[in-house]
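K.L.:
First the structure, which I've put down as structure tokens, then a few questions once you've had a look.
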Amino acid sequence: MPSPLPSEKAFVPFVSVENMMRLVHHIGLETLLAELTDVIEADFRRWELFDKTPRVASHSREGVIELMPTSDGEIYSFKYVNGHPKNMAQGLQTVTAFGLLAEVSTGYPVLLTEMTLLTALRTAATSAMAARHLAPKGARTMAMIGNGAQAEFQALAMKAVCGIDRIRLYDIDPLATAKMVRNLSGAGLTVTACTSSQSAIEGADIITTCTADKQYATILTDNMIGAGVHINAIGGDCPGKTELHCDILLRAHTFVEYPPQTRIEGEIQQMEPDYPVTELWKVITGQAQGRRDISQITLFDSVGFAIEDFSALRYVRDRLKGTGLYQDLDIIADPDDPRDLFGMLQRARQA
């Protein structure tokens with residue numbers, strides 16, 4: 001007897017890199033960033049419903065490989081992601097990722113997708129969400145320190161969500177800055193390439209740091225930071241990797257995603273365990289105050305958290321409907337009798 005055809009549950013929609021790019025262009029990049037920002041914020045508003053745990057990390061001298069799981073009780077998600085700064089010298093991506101959604105009720109996967117591109121999109125959307133609540137009112141200029149793979153997404157998310165229209169750029173590699181200037185041509189932004197981080201932050205309302213070296217670094221020093229700015233620190237994301245001098249943190253009001261993870265991986269790993277922080281979800285829900293006045297320095301110490309990936313995955317799943325921009329993968333064994341997995345195997349030999 002031939003093996004029966006798999007049921008619909010055996011097929012998992014898979015979004016390849018090619019189809020993810022097509023989906024982005026189908027929606028429109030800035031539209032997608034604005035919509036994704038709203039989806040992430042909606043999930044932050046129901047923060048208390050989610051399972052929360054620091055990511056599971058495997059560190060080596062070369063980099064880190066991590067798993068980032070969470071669930072809202074109905075849908076489960078995880079992301080596999082790495083961070084290998086030395087990869088760039090070999091012509092490889094520093095960060096690669098893929099992710100999965102599954103039904104909690106059955107445990108069956110319902111989406112598998114690339115997340116290298118999607119991580120850049122969700123990171124930019126999260127930055128814009130934080131700036132929407134913390135940046136000075138009427139902010140128009142952002143300094144972008146670190147002009148690598150995620151930088152353009154950061155700039156366009158701030159434009160789409162916060163109204164930023166001037167970007168000042170600096171990277172220790174002038175070729176990276178030239179790349180970003182070229183990529184943002186025609187994007188409706190006034191783009192200025194700068195020769196130092198000090199010159200890049202002149203006149204900036206928002207300062208975003210996004211560097212990749214896996215080490216304690218000082219990208220910004222205390223004397224560089226004037227009153228009233230918002231700092232969006234997204235480069236520090238593992239133990240031993242920071243971007244800001246600790247004196248900046250002594251002057252700033254610091255906002256974080258999930259304190260148990262950020263105290264290990266973020267800028268605040270430099271500080272004492274009782275260094276005060278405010279969880280961003282509490283600001284979004286009105287349980288805590290965000291920016292208090294025009295002179296306050298606000299710092300979003302962002303290391304990336306699994307709920308943001310959950311939001312991005314469910315956004316993609318919803319936006320895929322009717323597009324055909326996916327492949328059905330037969331990756332779940334589906335015997336006609338769930339007790340007879342062996343029989344299914346045997347019938348396949350006879351077919």
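The values are calculated or read from the model by the stated rules, or taken from the named source; none is laboratory data. In this text the structure is predicted, and so the values were computed from the model without any measurement. A quick note on method: Cβ atoms are made from the backbone with ideal geometry, for glycine too, and the neighbour counts reach across all protein chains shown.
K.L.:
For the stretch 50-79, name all the residues that are touching a Gly at 6+ places or on another chain (Cβ under 7 Å) and closer than 14 Å to PHE305 by Cα.
P.N.:
SER77, PHE78, LYS79, listed by residue number.
K.L.:
Against the definition (under 18 Å from GLY148 (Cβ atoms) and either more than 24 Å from the chain's Cα centre (by Cα) or in contact (Cβ under 8 Å) with a residue 12 or more places away in the chain (or both)), how does ASP293 come out, yes or no?
P.N.:
When the stated conditions are applied, ASP293 does not pass them.
K.L.:
Residues of the stretch 112-143 being assigned to a strand (DSSP E or B) and over 17 Å from THR209 (Cα atoms), which ones?
P.N.:
LEU112, THR113, GLU114
K.L.:
Can you spot a residue in the stretch 35-44 that is in the same structural domain as ALA312 (by TED's automatic domain parsing) and over 17 Å from the mean Cα position of the chain (by Cα)?
P.N.:
no
K.L.:
Which one of these does GLY286 not meet: (1) surrounded by 13 or more Cβ atoms within 10 Å (Cβ to Cβ); (2) under 30 Å from PRO259 (Cβ atoms); (3) out of contact with any Gly (no Cβ under 8 Å at 6 or more places or on another chain)?
P.N.:
So the condition that GLY286 fails would be (1).
K.L.:
Still on this structure, I have one more. Is at least one residue of the stretch 46-59 outside the structural domain of CYS210 (by TED's automatic domain parsing), crowded, with 20+ Cβ neighbours inside 10 Å and among the polar types (S, T, N, Q)?
P.N.:
The answer is no, given that none of the residues of the stretch 46-59 is outside the structural domain of CYS210 (by TED's automatic domain parsing), crowded, with 20+ Cβ neighbours inside 10 Å and among the polar types (S, T, N, Q).
K.L.:
Let me ask another. If you check every pair at least six apart or on different chains, which have Cβ atoms under 8 Å apart with a residue in the stretch 195-211 that is in contact (Cβ under 8 Å) with a residue 60 or more places away in the chain first and a residue that is among the charged types (D, E, K, R) and assigned to a strand (DSSP E or B) second?
P.N.:
Note: pairs meeting the criteria are GLY203/ARG168; ALA204/ARG168; THR209/GLU243; THR211/GLU243.
K.L.:
Would you mind telling me which numbered condition in (1) more than 20 Å from the chain's Cα centre (by Cα); (2) closer than 23 Å to GLY203 by Cα GLN90 fails?
P.N.:
Of everything listed in (1) more than 20 Å from the chain's Cα centre (by Cα); (2) closer than 23 Å to GLY203 by Cα, GLN90 misses just condition (2).
K.L.:
Filtering the stretch 215-241 down to residues that are at pLDDT below 90 and of a type outside the set (Gly, Ala, Ser), which residue is surrounded by the fewest Cβ atoms within 10 Å (Cβ to Cβ)?
P.N.:
Within the stretch 215-241, the match that is surrounded by the fewest Cβ atoms within 10 Å (Cβ to Cβ) is GLN215.
K.L.:
Does LEU313 satisfy being at negative phi and either among the charged types (D, E, K, R) or part of a helix (DSSP H, G or I) (or both)?
P.N.:
Judged against the criteria, LEU313 is a match.
K.L.:
How many residues does the stretch 259-283 hold that are within 22 Å of PRO136 (Cβ to Cβ) and either surrounded by fewer than 15 Cβ atoms within 10 Å (Cβ to Cβ) or basic (Lys, Arg) (or both)?
P.N.:
Residues in the stretch 259-283 being within 22 Å of PRO136 (Cβ to Cβ) and either surrounded by fewer than 15 Cβ atoms within 10 Å (Cβ to Cβ) or basic (Lys, Arg) (or both): 2 in total.
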